Amino acid sequence: MTLSKIERKIIEDSIRDIKDFPKPGIVFKDITTLLNDKEAYSVLMNHLYQRYKEYNLDYIAGIDARGFIFGAALAQMLGLGFVPIRKKGKLPYTTISEKYSLEYGVDEIEVHIDAFSKVKNAKVLMIDDLIATGGTANAAATLINQTGAECVEACFIIGLSFLDGIDNLKTKTDVYSLIEVN
Ligand code: AMP
């Protein structure tokens, strides 16, 4: 199930572009204006619920930090558990971690080693607000699969399809981005 034309327009219109943030040349997709718009937020969450209720998922995993907002809300709607995938140093129990490249330097994300252990071969939906180069999402999918769970789909509100992040991630998991920016 994909978005209807009207749903897409409501969501698209609620996302604000901020030029040159956090640095020159970047157009930052600001989703705070989606979250504080009750109609857009509700259209978005209802669409995600309708799409994923048929997937027989076991968990939703959200990526630090905006993925937590959509992921935790969706998990509750679907009656599933939520797992945070966090920037290094934030999770208190034993973790596994994965490094990934940024434009300049590296970053690292981690997940609790037992996060998906209540269900054998758990089916996991990963969610974040946006995929750009795909470095973060690739590392997150690797982590989910390393725990013994399976990342069955990665969902993004926005996909920057002029970069090759989506195509790269498709070698690892199915990818669904609601709004594609060319
Ligand atoms: P990447 O690993 O390059 O796919 O970057 C994805 C992460 O960076 C996501 O968690 C996004 O929230 C954030 N991000 C990257 N580019 C943008 C952008 N143009 N607007 C908003 N967030 C972005």
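FYI, it's all coordinate maths here, none of it is from the lab. As the structure is a computational prediction, the values presented were derived from the model and not from experiment. Glycine also receives a Cβ, built like all others from the backbone with ideal geometry; neighbour counts cover every protein chain displayed.
Might you check whether a residue that is away from the ligand (no atom under 16 Å from the Cβ), under 23 Å from Gly135 (Cα atoms) and crowded, with 19+ Cβ neighbours inside 10 Å occurs anywhere in the stretch 24-46?
No, the stretch 24-46 contains no residue that is away from the ligand (no atom under 16 Å from the Cβ), under 23 Å from Gly135 (Cα atoms) and crowded, with 19+ Cβ neighbours inside 10 Å.
Being assigned to a strand (DSSP E or B) and under 24 Å from Lys53 (Cβ atoms) is a property that holds for Ile85.
Examine the stretch 86-109 for a residue that is of a type in the set (A, V, I, L, M), within 12 Å of the ligand (Cβ to nearest atom) and closer than 16 Å to Ile31 by Cβ, and state whether such a residue exists. So far as the stretch 86-109 goes, no, none of its residues is of a type in the set (A, V, I, L, M), within 12 Å of the ligand (Cβ to nearest atom) and closer than 16 Å to Ile31 by Cβ. Of all residue pairs spaced 6 or more apart or on separate chains, those with beta-carbon atoms under 9 Å, a first member in the stretch 1-26 that is of a type in the set (A, V, I, L, M) and a second member that is in a loop (DSSP other than H, G, I, E, B) are Met1/Glu54; Ile10/Asp37; Ile11/Leu3; Ile15/Ile31; Ile18/Ile26; Ile26/Asp20.
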